[in-house]
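Each remark here refers to the structure printed beneath this line.
The values are calculated or read from the model by the stated rules, or taken from the named source; none is laboratory data. Keep in mind it's a predicted model, so treat the numbers as computed, not measured. As a convention, Cβ positions derive from the backbone with ideal geometry for all residues, glycine included, and neighbour counts pool all protein chains shown.
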Amino acid sequence: SSARVGQSTNYDKLMLEIWTDGSIAPEKALSTSGKILIEHLRHIAGVSEESLMAVIEEEVEEKGVTSEIAETPIEALDLSVRVFNSLKRTGITTVGDVIDLLEKGDQAIMSIRNFGEKSLTELRQKMTEKGFMSDEEESEDNAE
């Protein structure tokens with residue numbers, strides 16, 4: 001069955017039924033089996049925990065988005081009511097959500113109800129104005 005997160009319903013739900021003989025709590029059994037699975041998959045992939053963390057850190061640095069910026073609420077952008085409500089209704093509540101959406105391209109943004117060219121221009125201007133996006137990023141996005 002599908003699960004609901006905010007307004008989105010296109011997520012799958014995983015339900016696990018865990019039986020034990022009582023010598024270990026079900027939560028502990030799940031945790032331990034998860035760790036064992038990760039360890040086995042790590043061997044298959046041929047990566048160590050250190051190299052895995054290095055890759056994750058590189059990706060975060062490449063994006064240049066700190067968790068502090070990503071978690072900034074969209075209220076901080078001082079958007080017009082129409083743009084703000086369109087984003088909020090779609091479940092976009094943080095600057096990180098906006099950045100993810102902008103990276104998907106104009107089509108993804110324009111598919112939001114009541115969100116047109118003017119809204120997109122305003123969103124990009126406010127993101128640049130508040131320092132969440134550089135001018136280069138804005139012109140790169142417009143060039144696509």
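Observations, loosely collected:
- Segment 105-119, residues that are assigned to a helix (DSSP H, G or I), under 18 Å from the mean Cα position of the chain (by Cα) and among the hydrophobic types (A, V, I, L, M, F, W, C): Ala108, Ile109
- Subset of segment 88-104 [in contact with a helix residue (DSSP H, G or I) (Cβ under 8 Å, 6 or more places away or on another chain) and assigned to a loop (DSSP other than H, G, I, E, B)]: Gly91, Ile92, Thr93
- Within segment 105-144, the residues that satisfy the criterion of being among the charged types (D, E, K, R) and modelled with pLDDT of 85 or more are Glu117, Lys118, Glu122, Arg124, Lys126, Glu129, Lys130.
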